Amino acid sequence: ELLPVSDRILKMRQEGEQPNEPHTIHPSGVDTNINPNPVPVRRMLPVISWVQAGHWTTAETVLRNLPQETPTLPDIADAGPNAFWLQVQGISNYPEYRHGEYICIDPDWQIDELQTGDMIVATCMGDATFKQLVVEPDGSRYLKALNPDWRPQIMPIGEDCLLVGLVVAKYALVKRRR
């Protein structure tokens with residue numbers, strides 16, 4: 001049954017259902033599903049390279065020494081003061097994260113604050129990687145690729161591994177058809 005949005009929401013409420021998200025209703029009665037009040041950009045965050053992430057020591061050390069021409073992307077609400085962006089490379093976490101998308105990393109987290117399912121960036125033996133964290137009941141941790149066809153699927157977290165940060169957002173460009 002096709003109803004104008006306001007009637008559809010009213011009917012849902014009468015039937016005891018709640019709309020799962022707020023709707024913006026244009027005067028024409030069309031559900032625009034777009035927030036007419038854009039979120040202001042508080043600051044721009046640097047896009048660092050995987051080489052820089054692989055040589056991670058502290059956020060201050062890496063972020064303080066960025067070249068002037070470092071590209072940037074807008075901040076997000078959940079990003080900490082030292083957050084930055086990385087561009088996804090490869091398909092180890094496909095289809096959830098695609099090659100070329102950007103992920104926002106918040107380095108202001110400690111490994112014991114994270115839980116199974118969190119997506120993290122870690123550096124092991126000088127190479128940065130982006131995987132899902134798995135914490136076993138005994139407290140042991142490992143990294144897992146989301147792509148079931150990726151090998152190796154599981155990566156142990158050794159003593160040489162260092163948490164770079166928690167993935168708090170992703171940003172993808174929309175591909176245009178020509």
So, with points 7 Å from each Cα along the Cβ direction, the Asp118-Glu96 label distance in nm works out to 1.4 nm
The alpha-carbon center of the stretch 54-75 and that of the stretch 88-140 are separated, in whole Å, by 18 Å
hull vol. (C-alpha, convex hull) per residue for the stretch 29-178, Å³ -> 174 Å³
For 146-152, 67-73, ranked highest to lowest by mean beta-carbon neighbours within 10 Å, the order is 146-152, 67-73
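Every number here is computed from the coordinates shown, using simple stated rules; none is lab data. All of these numbers come straight from a predicted model, not from anything done at the bench. Quick reminder, even Gly has a Cβ in these numbers, built from the backbone with ideal geometry, and neighbours come from all protein chains shown.
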